[in-house]
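Undergrad: The following block contains the structure, expressed as structure tokens.
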Amino acid sequence: MDINLIQTQVENDLNTVSSASELESVRVKYLGRKGVLAELTGLIGTLPAEERGLFGKQVNSLKNKLLEFFQEKEKTLKTQGGTVDKNRQDIGLPGIAQELGSSHPIIQVIDEICGIFNRMGFSIVEGPEIETEYNNFTGLNIPLDHPSRDAFDTFYLKNYPKLLLRSHTSPVQVRAMKAYKPPLAIVVPGRVYRPDAVDASHLFMFHQIEGVLVDENISFADLKGILGLFIKSVFGEDIKMRFRPHFFPFTEPSAEVDISCIICKGKGCSVCGRKGWLEILGSGMVHPNVFKQVGYKPGKYTGFAFGMGVERIAMLKYGINDIRLFFENDLRFLKQF
Ligand code: DAH
């Protein structure tokens, strides 16, 4: 090892030093416990006896030189206004930025939709994801032989009392109507579960928003008015809406609601299956049997209900073609919202 070369290296290194912390790292490099000087000192013992004396002297004088250099540099730093206090923090260093989180796209859509209904006077309520068979089916006038009650279509948890993972948010209708007297207007966001095979449009867990409004003299026209306002707020003024007759056990009459395709504006494309319309929710007038189940006086009250899938609406709104993207926790996807 060339002792003179080391000396020049130290001088070069010190020339680039402009702060106490930089000086400290150069000091560690040469004078530290595992530094260059320690290495040279360790070498002395390995040399033949006749060379040791001379090499030892050279190492020693290098050490004194270095100490001198460092002292000098320390002084210049001080006179330049710097300080060599080892404990001093360099507040000029860039900090470690804390990444800001943001709400999940599904939560953003839930907040937007519930916000719209909330401003029209609906309260936002939630119910449990583990439900009784009664609230999920029987209270909603869903007959015992209905296919959705099959073990292939619902996650059953326990037999007595029969518990399950709710397959829709509609059971919260039953809970709310049992807890409050009319007039009642609520929206219910939450997770629902179905044993579906996973693909680009199916998951075993997704989100729904349920709505129900009950009072005296509520008609289908009220349902149409409220949903029309809602759809225009989410998808824009130009969107068209149509009601298509359908069957749900808990509403009568029942209808599915379509909007004009937001991609092709109704002309027909691959997203709407060339129909020009997209189905976005189920709705209807609350069935008298449901009122009976919850103890509302039959004949006195009428009401409407509706239920929609949040993922579907989010996919249409943002042009997302695979539902799985929402739940893979890929930050490249999530950061776009
Ligand atoms: N619960 C239904 C489902 O999961 C959606 C639904 C349809 C809810 C019509 C309603 C309704 O409240 O009136 O498919």
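Undergrad: Would the range 254-266 turn up any residue that is within 23 Å of P147 (Cα to Cα), out of contact with any His (no Cβ under 6 Å at 6 or more places or on another chain) and surrounded by 15 or more Cβ atoms within 10 Å (Cβ to Cβ)?
TA: Checking the range 254-266: at least one residue is within 23 Å of P147 (Cα to Cα), out of contact with any His (no Cβ under 6 Å at 6 or more places or on another chain) and surrounded by 15 or more Cβ atoms within 10 Å (Cβ to Cβ).
Undergrad: Let me ask something else. Just give me the residues in the range 294-312 being within 13 Å of the ligand (Cβ to nearest atom) and over 30 Å from the mean Cα position of the chain (by Cα), in sequence order.
TA: G303, F304 - these are the residues of the range 294-312 that are within 13 Å of the ligand (Cβ to nearest atom) and over 30 Å from the mean Cα position of the chain (by Cα).
Undergrad: Within the range 194-216, take every residue that is surrounded by 22 or more Cβ atoms within 10 Å (Cβ to Cβ) and β-branched (V, I, T) and give me the one that is nearest to the chain's Cα centre (by Cα).
TA: For the range 194-216, the residue satisfying everything is I209.
Rundown of residues vs (1) within 16 Å of the ligand (Cβ to nearest atom); (2) over 24 Å from F247 (Cβ atoms); (3) out of contact with any Lys or Arg (no Cβ under 9 Å at 6 or more places or on another chain), yes/no style:
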{"site": "N136", "(1), (2), (3)": "yes, no, no"}
{"site": "R149", "(1), (2), (3)": "yes, no, yes"}
{"site": "D153", "(1), (2), (3)": "yes, no, no"}
{"site": "P183", "(1), (2), (3)": "no, yes, yes"}
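Undergrad: Another question, if that's okay. Looking at E311 and the list (1) more than 30 Å from V214 (Cα to Cα); (2) touching a His at 6+ places or on another chain (Cβ under 9 Å), which single condition is not satisfied?
TA: Here E311 clears every test but (1).
Undergrad: What strands (runs of 3 or more DSSP E) completely inside the range 158-225 contain at least 1 residues that are of a type in the set (F, W, Y)?
TA: Counting at least 1 such residues, we get 184-193, 205-215.
Undergrad: Among the residues of the range 297-305, is there at least one that is free of Cβ contacts under 8 Å to residues at least 40 places away in the same chain, in contact with a Leu (Cβ under 9 Å, 6 or more places away or on another chain) and either assigned to a helix (DSSP H, G or I) or crowded, with 19+ Cβ neighbours inside 10 Å (or both)?
TA: no
Undergrad: Quickly run through the range 229-252 and pick out the residues that are part of a helix (DSSP H, G or I) and more than 16 Å from the ligand (Cβ to nearest atom).
TA: L229, K232, S233, V234, F235
Undergrad: Which one is farthest from R312 (Cα to Cα) among residues in the range 270-293 that are within 14 Å of the ligand (Cβ to nearest atom) and out of contact with any Asp or Glu (no Cβ under 9 Å at 6 or more places or on another chain)?
TA: F291
Undergrad: Moving on to the next point. Going by the structure shown, is A255 touching a Ser or Thr at 6+ places or on another chain (Cβ under 6 Å) and within 16 Å of the ligand (Cβ to nearest atom)?
TA: yes
Values in this text are rule-based calculations from the coordinates and carry no lab data. Computed from a prediction, not measured in an experiment: that's the story for all the values here. Every residue, glycine among them, receives a Cβ derived from its backbone with ideal geometry; neighbour counts consider all protein chains shown.
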